[in-house]
Amino acid sequence: MVFNVLQLLLLLAGTALAGMNKTGTLCTVTPTGGKDDTPDIMAAFKQCGQDGQIELVEGDYTIAKVMDVKNLKNCDISIRGKLTWNDDINYWTKNSIGVDYAQRSTAWRFGGDTFSIRGHGQALFFGNGQKWYDVNKNGSNMAGRPISLTLWEAKNVFIDGITWRQSQFWSTRRHTFVAHSQNVTMTNLDMNATSSSQYNTVNTDGFDSWNSKDIVIKNWVVTCGDDCISVKGNSANIYVKNVTCHRSGAMCIGSMGNGVTETVDDVVFEDITAIDSSNAAWIKTYPGNGHVKNVTFRNINFQNVNQPIYVSPCIYSYSNCDSSRLKISDITWENITGTSRYNVAAGIYCSKAAPCTGLKFSGIDIKPKNGGTAKVLCSNMNSDSGLSCTGTCPSGWKQQLSGNA
């Protein structure tokens, strides 16, 4: 009898230590130890998501369901544990939350006004991405493959101190996706999506913005299989500083203008390092309507980058380039230095229907890593740019080179 009572007491103690507990306006979540922790996390958001605090204490959490967290208000979220999304691909592809952009979806969506998500350098989001990479088999966009974390109709947001490993898609293809949002600051984030098989981590962007403005990104380290930081259509007033990108597309405007009129205004990328990447400071649009205006790439240093500076009005199809009326103007490249993988430092082709104007270059020092002189190819752009073009850029110039030009 004594033994049974002790067992009961231990069971009750274990129950008290796991799950969700609310004290005043504070909701504390403790991992259950292998069971799905999603219901407890969602209960915390329901009870403390407005004028409250939510704390996920240290430990290992299992995430087996999508989480849609809207209408947050005056809420501080603290995450100190490891969150592992299970690898039930069948569930995620059928249930991930649509985000309107290019038929993409997400596993965790946040929305509301005035909230913070702090990881304290302890929070780890593990997406079990390897199974996704292997099932996808280098395919570009797998339906239902979820973005890890999405801000959707969010205002006045602060995110800090979170680490991602093996993300499923872009922030998420992405680690993080910011859409229809304003006044967002994201600092001290670390993202790494690396495949251990023969299949690549296709479409694992670090960050993408869309229909959003007033965003600050600082102190990131990203290793991924696609764009590191990408500013997409209808984004404005974006500031990116002190980011290191490995094996990525580094700093990018686009893609944008695919069948819709889109604009990008007032973007600054500065103090950026790109290592073993495809591009460093570039702009990619579809043949369409809209504009890219007032963008600065400053203090971009790189090693072994395929084609550091690149501009295209006809990305991916590389056709109908001269039909695009999406105007690219007032773009500055300043202090762009490093080594190119091949003998092309820049490939800039602007549409004949909307030539680039106000392009400015200074402090450009790009050397092929295997020696020789780098080529700078330019077409349909202003002649007073300060860039010493060595030749014309052919229409439909590819983003990726496979050897010297």
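The values are calculated or read from the model by the stated rules, or taken from the named source; none is laboratory data. What you see is a predicted model, and the numbers here were worked out from it, not measured in a lab. Ideal geometry is used to build each Cβ from the backbone, glycine not excepted, and the neighbour counts take in all protein chains shown.
Points to keep in mind about this one:
- Here the condition is being touching a Ser or Thr at 6+ places or on another chain (Cβ under 6 Å), of a type in the set (S, T, N, Q) and farther than 25 Å from residue 18 by Cα; of 93, 106, 114, it holds for 106 alone.
- Test set (1) hydrophobic (A, V, I, L, M, F, W, C); (2) at pLDDT 90 or above; (3) buried (at least 19 other Cβ atoms within 10 Å of the Cβ) - residue 221 fails condition number: (3)
- Here residue 286 passes the criteria (1) at pLDDT 95 or above; (2) under 23 Å from residue 190 (Cβ atoms); (3) hydroxyl-bearing (Ser, Thr, Tyr) except the one numbered (2).
- Members of segment 370-396 that are within 21 Å of residue 339 (Cα to Cα) and exposed (fewer than 13 other Cβ atoms within 10 Å of the Cβ): 370, 371, 372, 373, 388, 391
- Cross-chain or 6+ apart pairs with Cβ under 7 Å, segment 20-48 first and crowded, with 22+ Cβ neighbours inside 10 Å and among the small types (Gly, Ala, Ser), then modelled with pLDDT of 95 or more and outside any loop (DSSP other than H, G, I, E, B): 44/20; 44/27; 44/29; 44/54
- Residue in segment 186-198 that is within 26 Å of residue 348 (Cα to Cα), outside any loop (DSSP other than H, G, I, E, B) and modelled with pLDDT under 95 present: no
- Residues of segment 140-173 that turn out to be under 22 Å from residue 210 (Cβ atoms), surrounded by fewer than 24 Cβ atoms within 10 Å (Cβ to Cβ) and at pLDDT below 95, as a count: 5
- Enumerated strands (runs of 3 or more DSSP E) restricted to segment 290-405, each holding at least 1 residues that are within 24 Å of residue 235 (Cβ to Cβ): 309-312, 325-340, 344-349, 360-368
- A residue that is among the basic types (Lys, Arg), at pLDDT 95 or above and either in a helix (DSSP H, G or I) or more than 30 Å from residue 98 (Cβ to Cβ) (or both) occurs nowhere in segment 47-70.
- Of the residues making up segment 105-114, those that are in a strand (DSSP E or B) and either more than 12 Å from residue 69 (Cβ to Cβ) or not aromatic (Phe, Trp, Tyr) (or both) are 105, 106, 109, 111, 112, 113, 114.
- Restricting segment 237-254 to residues that are part of a loop (DSSP other than H, G, I, E, B) and at pLDDT 95 or above, the residue that is farthest from residue 318 (Cα to Cα): 250
- Within segment 115-127, the residues that satisfy the criterion of being out of contact with any Leu (no Cβ under 8 Å at 6 or more places or on another chain) and either surrounded by fewer than 19 Cβ atoms within 10 Å (Cβ to Cβ) or in a strand (DSSP E or B) (or both) are 116, 117, 118, 119, 120, 121, 122.
- Residue pairs whose Cβ atoms lie under 8 Å apart, sitting 6 or more positions apart in sequence or on different chains, and linking a residue in segment 333-358 that is under 13 Å from residue 395 (Cα atoms) to a partner that is of a type in the set (Phe, Trp, Tyr), are 347/310; 347/397; 348/310; 349/397.
- Criterion violated by residue 102 - all others in (1) surrounded by fewer than 17 Cβ atoms within 10 Å (Cβ to Cβ); (2) modelled with pLDDT of 95 or more satisfied: (2)
- Those residues of segment 71-91 which are in a strand (DSSP E or B) and among the charged types (D, E, K, R), in sequence order: 73, 76, 82
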